[in-house]
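To keep things clear, I will list the structure first and then write my remarks on it.
The values are calculated or read from the model by the stated rules, or taken from the named source; none is laboratory data. All of these numbers come straight from a predicted model, not from anything done at the bench. Note: ideal-geometry Cβ built from the backbone for every residue, glycine included; neighbour counts use all protein chains shown. Protein only, heavy atoms only, side chains kept; ligands, DNA and RNA dropped before computing areas. Shrake-Rupley method; radii C 1.70, N 1.55, O 1.52, S 1.80 Å.
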Amino acid sequence: MRVGIQLPLREDIYDRVAWAANLGFHSGQLCAWNIDLYTEETADQLRKACRDFDFTVTAIWCGWTGPKTFQHPYRYATIGLAPASMRSQRTRELLDGAAFARSIGVKDVITHMGFISDNPFAEDHIGVAMAVREICQKIAPYGQRFLFETGEIIPSTILSLIQIADVENVGVNFDPANFLINGRANPSDAMDRLAFMTYGFHAKDGVYATGFEPKGKEVQVGQGQVNFGYLLQKMKDAGFDGDITIEREIQEGPERDRQILEEKEYLEEIIEQLQ
């Protein structure tokens, strides 16, 4: 395992890769919300940056158009493939993201699925599973995988959706903080269920909500309720050999850089102690 960093896919992507390399990172995921950047020009900039800075893109986190907010309560109606009115459009956009990923030699495509009913007979449960099947079937000939970003769905529902989709090139990008922030699972318990199909990992920490607060909050890695030692050991035992990707969702600047470097050191110490 090595520690990577999540970078935003922006017009200044060359500079963002240079920034990451300057901090000592040589791998990372891209987070793509602006789908207008799925162009050959962007791909050229990325390929050049990866050559110049010895950097490897490990996955692309693909966003989508349409109304979206992670704030309560509107998150239930706007996130991912869950909203039926936007599912077909977003399925096409995710396929466009997969095509862009192929153009730079990346096989893993990730997204948030949204808040989906736990009832396997519910319309949204079946509808999302069918969208996942379509995506996976269309990217499979290229050797690509489609990964669920964890956080809105409890682990048993993730497994139910994957079983209904009935495809092999599917898995999980495990984000422990999202489970905590959304109150969907204890990350250690979730990893017990999902380690065997975890192909990506966001190193992000958080704490549960308290009282009537609808959401918990993100904190610096090592300062929250995530047991990273347990999670990484379970992943290693399950055969995980990918990267641990730091995702720190605070304003860019010197303070964020400082925290990211501390997180990198913290995680690398844990990795060195794994059995």
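Is it true that some residue in region 128-141 is touching a Lys or Arg at 6+ places or on another chain (Cβ under 6 Å), under 21 Å from PHE201 (Cβ atoms) and touching a residue at least 40 places away in the same chain (Cβ under 8 Å)?
no
Need the failing condition index for ILE153 against (1) open to solvent by 20 Å² or more (accessible area, probe 1.4 Å); (2) touching a residue at least 40 places away in the same chain (Cβ under 8 Å), just the number.
It is condition (1) that ILE153 fails.
Would you confirm, using the coordinates I've provided, whether MET86 is at pLDDT below 95 and open to solvent by 10 Å² or more (accessible area, probe 1.4 Å)?
Taking the combined requirement at face value, the residue does not satisfy it.
Scan region 81-99 and tell me whether some residue there is under 19 Å from ILE35 (Cα atoms), out of contact with any helix residue (DSSP H, G or I) (no Cβ under 9 Å at 6 or more places or on another chain) and among the β-branched types (Val, Ile, Thr).
For region 81-99, residues under 19 Å from ILE35 (Cα atoms), out of contact with any helix residue (DSSP H, G or I) (no Cβ under 9 Å at 6 or more places or on another chain) and among the β-branched types (Val, Ile, Thr): absent.
From the list ILE153, ILE164, which one is over 27 Å from GLY28 (Cβ atoms), modelled with pLDDT of 95 or more and of a type in the set (Val, Ile, Thr)?
Checking each option against the conditions leaves just ILE164.
Residues checked against (1) surrounded by 15 or more Cβ atoms within 10 Å (Cβ to Cβ); (2) out of contact with any Gly (no Cβ under 6 Å at 6 or more places or on another chain):
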{"site": "PRO214", "(1), (2)": "no, yes"}
{"site": "GLU218", "(1), (2)": "yes, no"}
{"site": "LEU232", "(1), (2)": "yes, yes"}
{"site": "ILE244", "(1), (2)": "yes, yes"}
{"site": "ARG258", "(1), (2)": "no, yes"}
{"site": "LEU267", "(1), (2)": "yes, yes"}
{"site": "GLU272", "(1), (2)": "no, yes"}
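Can you pull out the strands (runs of 3 or more DSSP E) entirely within region 1-116 that have at least 2 residues that are free of Cβ contacts under 8 Å to residues at least 24 places away in the same chain?
Numbers: elements: 2-5, 27-32, 56-62, 108-112.
Where strands (runs of 3 or more DSSP E) fall fully within region 1-116, none carries at least 2 residues being free of Cβ contacts under 8 Å to residues at least 24 places away in the same chain.
Which one is surrounded by the most Cβ atoms within 10 Å (Cβ to Cβ) among residues in region 117-127 that are closer than 11 Å to SER160 by Cα and among the hydrophobic types (A, V, I, L, M, F, W, C)?
That would be ILE126.
Could you tell me which residue of region 104-159 is nearest to ILE35 (Cα to Cα), considering only residues that are in contact with a strand residue (DSSP E or B) (Cβ under 9 Å, 6 or more places away or on another chain) and aromatic (Phe, Trp, Tyr)?
Checking each candidate, the answer is PHE146.
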